[in-house]
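> The structure follows.
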Amino acid sequence: MSSTTESRPRVVIVGAGIMGCSLADELTARGWRDITVLEQGPLPAPGGSTSHAPGLVFQTSPSKTLTAFARYTVEKFNSLAVDGVSCFDQVGGLELATTAERLADLHRRAGYATSWGVRGEIVSAARCKELWPLIDESVVLGGFHTPDDGLARAVLAARAQQARATEKGARFLDRHTVTGIERENGRVTAVVTDRGTFLADHVVSAAGFWGPVIGRMAGVDVPLQPLAHQYARTKRLPELAGARAEASKPILRHQDRDLYFREHHDRVGIGSYAHKPLPVDPFAILPYDEARANDMEMPSSFPFTDEDWAPSWEDCRELIPALRDTEIEEGFNGVFSFTPDGMPLLGESRQLRGFWLAEAVWVTHSAGVAKAVAEWMVDGRASIDLHECELTRFEEAQRSPSYVRERGSRQFVEVYDVLHPLQPMEQPRPLRVSPFYARQRELGARFLEGGGWERPHWYEANAPLVDALAPVPERDAWSARYWSPIAAAEAKATRERVALYDMTPLRRLEVTGPGALGFLQHMTSNNLRKKPGAVTYTLLLDEAGGVRSDLTVARLAVDRFQVGANSPADLDWLTRHAPDDVHVRDITSGTCCIGVWGPLARDLVQPLTRDDFSHEGFGYFRAKEAHVGHVPVTAMRLSYVGELGWELYTSADLGLRLWDTLWEAGREHGVVAAGRSAFNSLRLEKGYRAWGVDMTDEHNPYEAGVGFAVRMDKDGFVGQEALREISRSEPTRRLTPLLLDDPAAVVLGKEPVHVDGAPAGYVTSASYGYTLGRCVAYAWLPVLPAGAGVHIEYFGEKIRATVADEPLFDPKMTRIRR
Ligand code: FAD
Ligand code: THG
């Protein structure tokens, strides 16, 4: 890029649905002018998903980021109007419960709303009837009312934003079909259409469910699956006769039957997720055809299939008896995008620089997404945490067409299900397994899934150990899911004897080359200029000082480092910044890792090796290449569970041998295999943060409690300038350790925390601390002194907790450093 284009980059956006229009507006609002939006269909309703979206906006989601997107959409659309008609109709939202399980879940959703700042309250069946007089309240147990939700007028909002962007210099060209993306040296250079070529420094695919088609032109995977979803309108209802407003009652969800409702004057509009998944091939959809413009269906609209609708229609009539006297007047099977994890696909592609995605975005989140992507493009970073949405979050194994199709379809099915936070998808499994998988199965591992990996949560083989425990408090049915008292036994065995943990899914990067040290020094916050053999805990910060990740960096040789990382985004971030004399490689697949931790770890490992594993010969946070039995390992003396021991790495082919060697030698020490459930408990007792849960790039290291890993006296690292400013001011919030007062109480994460009776923050992660005999919860809260009392809201109940001093366990580190 020449410097002139750098200051005034040329941007081409593909697609003028709600996403493309919002993005053009947010980019021009930030001073970028040279914006061209190419759209194959005719504006203002070009025929994508936006053209007929009924526009329901329920803001509340388990995801803080999605909720923030939705809040911004509501705020923005409320301020936009076309010809005096507002782009948002704030009729409120109402979610109904017809089962006890759903009612409990609504309490949980009310908790999310409070945590993320959305107004809402649980209401009685009678109040539901008041809000929606047509429902039969005898089938309803209660509801969740959110007065600030409502209806987005999606086409109007697209037009309004198009107009604003046009005023500031953007141009919108409809009836331009994109047919190719040109590139040179790994960068995008131009977009080809049936009516000419458009040079571009940045191209954003906002093509909705056509994303994979545009992606293929660019050589970029776009892991989304389009599915059809039924939407229908009834005939006029006498009960609604005379309605002057388009809608006056809250948008309504009946999730127990996978249905939602809105008014269209005196008709009712109904959407259903109850039918079987109806996947659509985005490559098979006919392009807009000018010659047939008048008789052509919109490409995103398929004929209504009555047989898929029939069962739902019965459910509608049960809830709203007035529907028994009417019929569906019109309906269609409308297509939109689903991703393997239900989250949008945002960000610049790793495969092609300058090629961005803003895909799989609901109308609900559109303005918030547009703002975040525009910030990202213009400033290099968004002001809110996007890690759940980043395109780079998927592993190689999660991008195959069959994975995307299976998971996408499953997302459709589960859209309104009551989902436990730990509940894994059932298919396709198993996908990735460690070399110890066979042994884990023999030991009765209960697996959950993460990043495609099978991860033992606990081992049934350890059940006999439960008898020797002090009684573990009984749990409510919800927190007892995906949990077993066996985790307590595994935690105890780790604290008292020794345990093997499968750490294979922990992401490992190798950074090599003459520039490796200088590069890592520049990219991270701690000092890595140490002799080979040193391991350092350090942070990846962004320019604003936000925590992008926390890493361990082992200097294995002068020019060779092994990095323990978090998400695939870390690989992307490092690769993106690496100079030519530095090579960054993900070595996770093909290698494996066992954590051997507990007071007897040394007794277990030392006899297996001629290398010195004594405290003097192998100090804390040191690394060594050694042999354990027949197996060459890289050993690192550190422990996320806060006990003496090592992470032992080897190649995958030798993994099983390593496991068996340790297992055999461990018998006399009472070794156990231990799972993630115990692991999470132990690390919280130790106060070790989990990146992505406890802290993200929204937080600086000081408030997150990892300021000890920042060396301000070091010469120049990313984020240092910003931290100079930040380190001078007093923090206003802090990642705060809490202990629940009642030894039998538990919370799970994301619950709101009340201080002096008012919501003040939210829990990040929580687990019962088996050593402490209390549930540990970390929460983002205003700065509070140790001993302060707070309340955590769990299913509508207020549970007492107390701010603690950290670390809660072994503050003098006597267990690790010996
Ligand atoms: P689109 O609106 O599909 O826009 C993409 C544009 O790209 C299209 O106009 C297309 O013509 C253009 N394009 C594609 N290929 C090319 C090419 N090669 N060259 C040029 N242009 C191209 N969301 C909610 O938030 N609330 C709801 O209540 C809701 N209900 C829904 C109900 C139905 C029946 C459907 C179908 C969807 C619903 N959605 C809802 C989802 C929502 O409509 C979509 O997620 C959203 O509209 C997607 O917007 P978009 O701009 O990303 O995509
Ligand atoms: N092992 C390895 N790499 C990792 C992790 C791991 N990288 C990602 C993630 N986990 C990083 N998180 C932590 C958190 C805490 C510690 C290590 C990795 C830790 N902290 C000590 C403490 O805070 O007292 C020591 C810090 C220090 O001495 O600087 O051990 O699990 N390989």
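The values are calculated or read from the model by the stated rules, or taken from the named source; none is laboratory data. All values derive from a computational prediction rather than experimental measurement. Glycine also receives a Cβ, built like all others from the backbone with ideal geometry; neighbour counts cover every protein chain displayed. Heads up: the accessible areas ignore ligands, DNA and RNA and are worked out on the full protein's heavy atoms, side chains in. Shrake-Rupley method; radii C 1.70, N 1.55, O 1.52, S 1.80 Å.
> When both residues are 6+ apart or on different chains and their Cβ atoms are under 6 Å apart, which pairs have a first residue that lies in region 722-733 and is touching a residue at least 60 places away in the same chain (Cβ under 8 Å), and a second that is surrounded by 11 or more Cβ atoms within 10 Å (Cβ to Cβ)?
These pairs meet every condition: Ala722/Ala544; Ala722/Gly545; Leu723/Gly545; Ile726/Gly545; Ile726/Asn700.
> When you go through Phe88, Phe58 one by one, which is the residue that is under 20 Å from Thr146 (Cα atoms), of a type outside the set (Lys, Arg), more than 25 Å from the chain's Cα centre (by Cα) and open to solvent by less than 40 Å² (accessible area, probe 1.4 Å)? First the steps, then the outcome.
Values: Phe58 fails: more than 25 Å from the chain's Cα centre (by Cα).
Just one listed residue meets the conditions, Phe88.
> Mind checking which residues of region 189-210 are over 20 Å from Met19 (Cα atoms) and either within 16 Å of ligand 2 (Cβ to nearest atom) or in contact with an Asp or Glu (Cβ under 7 Å, 6 or more places away or on another chain) (or both)?
Those that are over 20 Å from Met19 (Cα atoms) and either within 16 Å of ligand 2 (Cβ to nearest atom) or in contact with an Asp or Glu (Cβ under 7 Å, 6 or more places away or on another chain) (or both): Thr189, Ala190, Val192.
> Let me ask something else about it. Looking only at region 304-330, count every residue that is of a type in the set (A, V, I, L, M) and more than 17 Å from Leu237 (Cβ to Cβ) and tell me the total. Let's see the steps before the verdict.
Narrowing region 304-330 to residues of a type in the set (A, V, I, L, M): 310, 319-320, 322-323, 328.
In the following step, the residues that additionally are more than 17 Å from Leu237 (Cβ to Cβ) were identified as 310.
Total satisfying the criteria: 1.
> Please pick out the residue among Thr197, Thr166 that is open to solvent by 40 Å² or more (accessible area, probe 1.4 Å), more than 11 Å from ligand 1 (Cβ to nearest atom) and part of a helix (DSSP H, G or I).
Values: Thr197 fails: part of a helix (DSSP H, G or I).
When all the criteria are applied, what remains is Thr166.
> For Trp646, work out the one condition from (1) within 35 Å of the chain's Cα centre (by Cα); (2) more than 16 Å from ligand 2 (Cβ to nearest atom); (3) part of a strand (DSSP E or B) it doesn't fulfil.
Tallying (1) within 35 Å of the chain's Cα centre (by Cα); (2) more than 16 Å from ligand 2 (Cβ to nearest atom); (3) part of a strand (DSSP E or B), Trp646 fails exactly one: (2).
> Within region 510-535, track down each residue that is within 12 Å of ligand 2 (Cβ to nearest atom) and within 30 Å of Ala665 (Cα to Cα).
Listed by number, the residues that qualify are Ala534, Val535.
Residue by residue, here is whether (1) under 20 Å from Ser434 (Cβ atoms); (2) touching a Leu at 6+ places or on another chain (Cβ under 9 Å); (3) crowded, with 16+ Cβ neighbours inside 10 Å; (4) free of Cβ contacts under 8 Å to residues at least 12 places away in the same chain holds:
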residue: Cys593; (1), (2), (3), (4): yes, yes, yes, no
residue: Asp611; (1), (2), (3), (4): no, no, yes, no
residue: Glu616; (1), (2), (3), (4): no, no, no, yes
residue: Glu625; (1), (2), (3), (4): no, yes, no, no
residue: Val628; (1), (2), (3), (4): yes, yes, yes, no
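> Out of everything in region 121-135 that is surrounded by 14 or more Cβ atoms within 10 Å (Cβ to Cβ) and not basic (Lys, Arg), what residue ends up being farthest from the chain's Cα centre (by Cα)? Full working, then the answer.
To start, the set of residues in region 121-135 that are surrounded by 14 or more Cβ atoms within 10 Å (Cβ to Cβ) comprises 122-123, 125, 127-129, 131-132, 134-135.
If we keep only those that are not basic (Lys, Arg) too, we end up with 122-123, 125, 128, 131-132, 134-135.
Values: Ile122: 26, Val123: 30, Ala125: 34, Cys128: 32, Leu131: 33, Trp132: 34, Leu134: 37, Ile135: 35 Å.
Ranking the candidates gives Leu134 first.
> Among the candidates Ser22, Ser7, Ser2, which residue alone is hydroxyl-bearing (Ser, Thr, Tyr) and either within 11 Å of ligand 1 (Cβ to nearest atom) or modelled with pLDDT of 95 or more (or both)?
Values: Ser7 fails: either within 11 Å of ligand 1 (Cβ to nearest atom) or modelled with pLDDT of 95 or more (or both); Ser2 fails: either within 11 Å of ligand 1 (Cβ to nearest atom) or modelled with pLDDT of 95 or more (or both).
Among Ser22, Ser7, Ser2, only Ser22 is hydroxyl-bearing (Ser, Thr, Tyr) and either within 11 Å of ligand 1 (Cβ to nearest atom) or modelled with pLDDT of 95 or more (or both).
> Further question on the same structure: Restricting attention to strands (runs of 3 or more DSSP E) lying wholly within region 252-324, give those where 2 or more residues are charged (D, E, K, R) and farther than 26 Å from Glu406 by Cα.
Numbers: elements: 259-264, 267-272, 301-303.
Qualifying strands (runs of 3 or more DSSP E): 259-264.
> Within region 368-386, does at least one residue satisfy the condition of being open to solvent by less than 10 Å² (accessible area, probe 1.4 Å), of a type in the set (Gly, Ala, Ser) and in a strand (DSSP E or B)?
Within region 368-386, none of the residues are open to solvent by less than 10 Å² (accessible area, probe 1.4 Å), of a type in the set (Gly, Ala, Ser) and in a strand (DSSP E or B).
> Just checking: which of the strands (runs of 3 or more DSSP E) contained wholly in region 408-525 hold 2 or more residues that are closer than 21 Å to Leu748 by Cβ and either hydrophobic (A, V, I, L, M, F, W, C) or more than 16 Å from ligand 1 (Cβ to nearest atom) (or both)?
Result: 445-450, 453-459.
> While we're looking at this one, here's another question. Given the structure, is Pro456 surrounded by fewer than 18 Cβ atoms within 10 Å (Cβ to Cβ) and touching an Asp or Glu at 6+ places or on another chain (Cβ under 9 Å)?
Working: surrounded by fewer than 18 Cβ atoms within 10 Å (Cβ to Cβ): no; touching an Asp or Glu at 6+ places or on another chain (Cβ under 9 Å): yes.
For Pro456, the condition - surrounded by fewer than 18 Cβ atoms within 10 Å (Cβ to Cβ) and touching an Asp or Glu at 6+ places or on another chain (Cβ under 9 Å) - is not met.
> Out of the residues in region 797-806 that are in a loop (DSSP other than H, G, I, E, B) and open to solvent by 40 Å² or more (accessible area, probe 1.4 Å), state the one that is nearest to ligand 2 (Cβ to nearest atom). Even if it seems obvious, please write down each step before you answer.
Initial filter on region 797-806 (in a loop (DSSP other than H, G, I, E, B)): 804-806.
When the remaining residues are screened for being open to solvent by 40 Å² or more (accessible area, probe 1.4 Å), the result is 805-806.
Working: Asp805: 15, Glu806: 10 Å.
Here the answer is Glu806.
> Still on this model: Do you know which residues across region 659-669 are of a type outside the set (D, E, K, R), more than 24 Å from Met813 (Cβ to Cβ) and either open to solvent by 10 Å² or more (accessible area, probe 1.4 Å) or free of Cβ contacts under 8 Å to residues at least 24 places away in the same chain (or both)?
Thr661, Trp663, Ala665
Okay, residues lined up against (1) out of contact with any helix residue (DSSP H, G or I) (no Cβ under 9 Å at 6 or more places or on another chain); (2) within 16 Å of ligand 2 (Cβ to nearest atom); (3) closer than 30 Å to Gly761 by Cβ:
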{"position": "Val12", "(1), (2), (3)": "yes, no, no"}
{"position": "Glu26", "(1), (2), (3)": "no, no, yes"}
{"position": "Gly47", "(1), (2), (3)": "yes, no, no"}
{"position": "Leu66", "(1), (2), (3)": "no, no, yes"}
{"position": "Ser86", "(1), (2), (3)": "no, no, no"}
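> Cβ-Cβ below 7 Å, separation at least six or inter-chain, first residue in region 227-252 and farther than 16 Å from Pro321 by Cβ and free of Cβ contacts under 8 Å to residues at least 24 places away in the same chain, second open to solvent by 70 Å² or more (accessible area, probe 1.4 Å) and away from ligand 2 (no atom under 16 Å from the Cβ): which pairs?
Matching pairs, first to second residue: Ala243/His265.
> How do the pairs read when you match residues in region 113-125 that are within 16 Å of Val57 (Cα to Cα) with residues anywhere that are in a loop (DSSP other than H, G, I, E, B) and not hydrophobic (A, V, I, L, M, F, W, C), using Cβ under 7 Å and keeping only pairs 6 or more apart or on different chains?
Sorted first by the residue in region 113-125, then by its partner, the pairs are Ala113/Thr60; Ala113/Gly120; Val118/Gln59; Val118/Thr60; Val118/Asp148; Arg119/Pro147; Arg119/Asp148; Gly120/Thr60.
> Same structure again: Checking the condition away from ligand 1 (no atom under 16 Å from the Cβ), open to solvent by 50 Å² or more (accessible area, probe 1.4 Å) and over 23 Å from Arg774 (Cβ atoms), which residue from Leu656, Leu644, Leu648 passes? Steps first, answer last, please.
Numbers: Leu644 fails: open to solvent by 50 Å² or more (accessible area, probe 1.4 Å); Leu648 fails: open to solvent by 50 Å² or more (accessible area, probe 1.4 Å).
Just a single option satisfies the conditions, and that option is Leu656.
> Please state which of the following conditions Ser248 fails to meet, knowing it meets all the rest: (1) farther than 21 Å from His229 by Cα; (2) at pLDDT 95 or above; (3) open to solvent by 50 Å² or more (accessible area, probe 1.4 Å); (4) in a helix (DSSP H, G or I).
If we test Ser248 against (1) farther than 21 Å from His229 by Cα; (2) at pLDDT 95 or above; (3) open to solvent by 50 Å² or more (accessible area, probe 1.4 Å); (4) in a helix (DSSP H, G or I), just (4) comes out false.
> Turning to a different aspect of this structure: Which of the residues belonging to region 325-349 are in contact with a helix residue (DSSP H, G or I) (Cβ under 9 Å, 6 or more places away or on another chain), assigned to a strand (DSSP E or B) and within 16 Å of ligand 1 (Cβ to nearest atom)?
Ile328, Gly331, Phe332, Asn333, Gly334, Val335, Phe336, Ser337, Phe338, Leu345, Leu346, Gly347 - these are the residues of region 325-349 that are in contact with a helix residue (DSSP H, G or I) (Cβ under 9 Å, 6 or more places away or on another chain), assigned to a strand (DSSP E or B) and within 16 Å of ligand 1 (Cβ to nearest atom).
> Same structure, new question: List the pairs whose first member sits in region 703-718 and is under 12 Å from Leu528 (Cα atoms) and within 11 Å of ligand 2 (Cβ to nearest atom), whose second member is modelled with pLDDT of 95 or more and not in a loop (DSSP other than H, G, I, E, B), and whose Cβ atoms are under 6 Å apart, counting only residues at least 6 apart or on separate chains?
Filtered contacts from region 703-718: Ala709/Tyr537; Ala709/Thr538; Ala709/Leu539.
> Continuing with the same structure: For region 549-569, does any single residue satisfy the condition of being more than 12 Å from ligand 2 (Cβ to nearest atom), surrounded by fewer than 22 Cβ atoms within 10 Å (Cβ to Cβ) and without any contact (Cβ under 8 Å) to a residue 12 or more places away in the chain?
no
Per-residue answers, yes or no, for (1) within 16 Å of ligand 2 (Cβ to nearest atom); (2) farther than 19 Å from Leu151 by Cβ; (3) among the β-branched types (Val, Ile, Thr):
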site	(1), (2), (3)
Leu252	no, no, no
Gln255	no, no, no
Leu259	no, no, no
Ile270	no, no, yes
His275	no, yes, no
Val280	no, yes, yes
Ala284	no, yes, no
Tyr288	no, yes, no
